[in-house]
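Could you have a look at this structure, given as structure tokens, before my questions?
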Amino acid sequence: MKFFIDTANLEQIREAQDLGVLDGVTTNPSLMAKEGIKIKGEDNIKKHYLEICEIVDGDVSAEVIATDFDGMVCEGEELAALHPQITVKFPCTKEGIKAVKYFSEKGIKTNCTLVFSVGQALLAAKAGATYVSPFVGRLDDIASDGIALVKAIVDVYGYYGYATQVLAASIRHTQHIIQCLEAGADVATCPLSAILGLLKHPLTDSGLATFLADYKKVNG
Ligand code: G3P
């Protein structure tokens, strides 16, 4: 399973990249706003995407703001022209699906986002999306089962041989990552804290403390 980091924070992206396990980045308008990046200040946002592309080797999802097809095409073309690592992200709406189809036919990578059902994931795959993003945490928030959706999409895509990769999004904690692994997700896009949480085990900490104490007994 590939690991993407779900943030527009350059320090966190660098920290995950330095760990050596990062495969890509996802951003969205909320994550950009959190970093104070103005989407309308063209140069501002383009510079930020380029900085992200310089830090990581993999795909970087950049989301359009337009909600109509023509606007999505215009914005998507500008984003795609920025850097070969840019994957253009569209919401799973009627216009968004049309835009995914348009860009996939041109060989431009796409991410179909805000997916909450197998039916939406089917349309994303049929439109040729590179990635489909089911939102795990937001389904859990409304007492639904986000991981069950990831598993259902993985099963359906496998059964029919769709090439679209299942990118589990809205991952909130470390256990979600383990559950995505078990569900067969192709990618999990996670906050840095959830990735670092995978390292935590009290037996690792106490074991290391014992090794160092024993070493000191003999070596001073
Ligand atoms: O990957 C999508 C993500 O950024 C949404 O996460 O926690 O706002 O549901 P959250």
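Please return the longest range in the chain lying between exposed loop sites, taking trypsin sites (Lys or Arg not before Pro), DSSP loop only, at most 14 other beta-carbon atoms within 10 Å, and leaving the sites out.
107-199
Another question, then. Report, in degrees rounded to the nearest 10, the 0 to 90 angle that the Cα long axis of helix 94-105 makes with the longest principal axis of the chain.
80
Run the helix sum for the chain: -39,500 (n - 2.57) per DSSP H stretch of 4+ residues, divided by residue count, reported at 222 nm to the nearest 500 deg cm²/dmol.
Estimated from H runs of four or more residues: -16500 deg cm²/dmol.
Same structure again: Considering all alpha-carbon pairs of the range 19-76, what whole percent are spaced by more than 17 angstrom?
43
Hey, can you find the accessible area per residue of the range 1-143 for me, probe 1.4 Å, expressed in square angstrom?
Computed with neighbouring chains in place, this is 46 Å² per residue.
Which value, in debye to the nearest 20, gives the size of the charge dipole of the range 7-117 about its Cα centre, when Lys and Arg are +1 and Asp and Glu are -1 at the Cβ?
That gives a dipole near 340 debye.
Say each of Lys47 and Glu15 gets a label point 7 Å from the Cα, pointing the same way as Cα to Cβ; how far apart are those two points in nm?
Reported label-point gap for Lys47 and Glu15 is 2.4 nm.
Once the dipole of the range 1-159 is set up with Lys and Arg at +1 and Asp and Glu at -1 on Cβ about the Cα centre, which of His48, Leu79, Ile108 lies farthest towards its positive end?
Ile108
Report, in debye and to the nearest 20, how large the dipole of the chain comes out about its Cα centre when Lys and Arg carry +1 and Asp and Glu carry -1 on their Cβ.
Rounded to the nearest 20 debye, it is 260 debye.
Could you tell me which residue out of Ile37, Val132, Gly207 lies farthest along the dipole of the chain toward its positive end? Charges go on the beta carbon: Lys and Arg +1, Asp and Glu -1, centred on the Cα centre.
With unit charges placed on the Cβ atoms, the residue in question is Gly207.
Whole-Hz Karplus ³J(HN,Hα) for the range 81-89, in order, using 6.51 cos²θ - 1.76 cosθ + 1.60 and θ = phi - 60°, x for Gly and Pro?
My calculation for the range 81-89 gives 6, 4, 6, x, 7, 6, 10, 8, 10 Hz in order.
Return, ordered by residue number, the residues of the range 85-123 whose backbone nitrogen is under 12 Å from a label point located 7 Å along Cα→Cβ of Tyr160.
118-123, by backbone N distance to the label point.
Which listed residue (Leu192, Val21, Tyr157) has the Cα farthest towards the positive end of the charge dipole for the chain, taking +1 on Lys and Arg C-beta and -1 on Asp and Glu C-beta about the Cα centre?
Of the options given, the answer is Tyr157.
If you roll a 1.4 angstrom probe over the protein chains with everything in place, what fraction of the accessible area of the range 1-143 belongs to carbon and sulfur, to the nearest %?
Solvent-exposed carbon and sulfur of the range 1-143 make up 52 percent of the total.
Moving on. Say R0 is 41 Å: what FRET efficiency, to the nearest 0.05, do Asp70 and Ser144 get from their beta-carbon distance?
Calculated value: 0.75.
Compute the long axis of helix 202-219 from its Cα atoms, compare it with the longest principal axis of the Cα atoms of the chain, and write down the angle in degrees, 0 to 90, nearest 10.
So the helix axis and the longest Cα principal axis differ by about 40 degrees.
The values are calculated or read from the model by the stated rules, or taken from the named source; none is laboratory data. Note that this is a predicted model, so its numbers are computed, not measured. Positions of Cβ are backbone-derived with ideal geometry, glycine not excepted, and every protein chain shown enters the neighbour counts. When the accessible area is computed, the model is the full protein with side chains, heavy atoms only, and any ligands, DNA or RNA have been set aside. Shrake-Rupley method; radii C 1.70, N 1.55, O 1.52, S 1.80 Å.
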